[in-house]
Amino acid sequence: MRIFLATLLCISALSLHAADKLKVLIIDGQNNHKWEITTPVLRNALESSGAFAVEVSTTPPKGSPPEAWHAFKPVFTDYQAVVSNYNGEPWPQNVRDAFTKYVADGGGFVSIHAANNSFPEWKEYNDMIGVGGWGGRNEKSGPWLYVKDGKLFRDTSAGNGGAHGPQHEFIVEVQNAEHPIMRGLPKRWLHAKDELYSKLRGPAENVDVLSTAVSDLTSVNEPNNMVLAYHKGRVFHTTLGHADYSMLDRGFYTIVQRGTEWVATGKVERTAAVPADFPTETAVSTVKLEGYPKQEPPKPKAK
């Protein structure tokens, strides 16, 4: 009897622990990046913190007939945060409407890297992410957002939105150390080899730039971690995370964990501890995940 009761207590405790986790949905299925490889890393980044229970919703492949999309009906309201690892064809209108309502009503949204390339014609989505790249974005989409001499600039001059040079390691510099996502982190740290997005354009409203990196193309501080308000909802937008070797950066893990908790709750408590192996200004720190990285970083071109 005692063993039975003890077993029940253990099961009850485990159930309570699982129920206490923040529910997160990752959306993938199309991307000009290798989502089949990066989604498992994203999932591990969240689940390894112990704070999140993660599910994945995968869209039909590019070029699928309309009837194939009928089964893609994520119930966004079942989750406290939605993470997009998606860059592809427009979602059906009913899904777009449901997602817009979800965030506007207070849902949390995290945009990862090329997710800011998505949906250039979807006004509400562009309001959520603040700035994006490619997809025909230009000065008509909104200003180019960057930081120079410690000041935020909204450059309205003509030009295409979205650019990057060759992948390389670069310094991430904190611009808002008081925000819960950045609190306690070093002022500067070295990020793993990645694409350094620049010249991003969009409505650029309600944007709080948390950190930047000096672009090899523009020589100004380009935003790489941002937060935004969309009606009652919270959005965390990171331009980092091109490949699995980029995501397997302890700084990326930490930022994504904190950003996801913040959009879900408005606080950073469960993921607030700064890892002992957080990168320094001179050294990248890589997370060891069995079987990863699967992708090979590009080798520098011979001079």
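Observations on the model:
- GNM result for the chain, Cα springs below 10 Å: residue of Leu217, Leu289, Leu25 fluctuating most strongly: Leu289
- Hits among aspartates and glutamates - C-alpha to C-alpha of Lys101 under 17 Å, sequence gap 8 or more where chains match: Asp78, Glu124, Asp127
- For Rg and Dmax of the Cα atoms in Å, computed directly from the structure shown, the correct entry in (1) 19.2, 60; (2) 19.5, 76; (3) 18.3, 59 is (2).
- Gaussian network model of the chain, Cα within-10 Å springs - most flexible of Asp149, Asp277, Asp249: Asp149
- If R0 is taken as 51 Å, the Cβ-Cβ distance between Lys123 and Ala273 corresponds to a FRET efficiency of 0.85.
- Calculated FRET efficiency, Asp149 to Glu55, Cβ-Cβ distance, R0 = 41 Å: about 0.40 to the nearest 0.05.
- Order by protection proxy (mean Cβ within 10 Å, highest first), peptides 251-257, 101-107, 85-91: 251-257, 85-91, 101-107
- In the chain, helices alone account for a calculated mean residue ellipticity at 222 nm of -7000 deg cm²/dmol, with every DSSP H run of four or more residues adding -39,500 (n - 2.57).
- Using a Gaussian network model of the chain in which every pair of alpha carbons under 10 angstrom is joined by a spring, one finds that among Asn138, Asn126, Asn32 the greatest mean-square fluctuation is at Asn32.
No lab work stands behind these numbers, since they all come straight from the coordinates. No experiment lies behind these values; they were computed from the predicted model shown. Cβ sites come from the backbone with ideal geometry, for glycine too, and all protein chains shown count toward neighbours.
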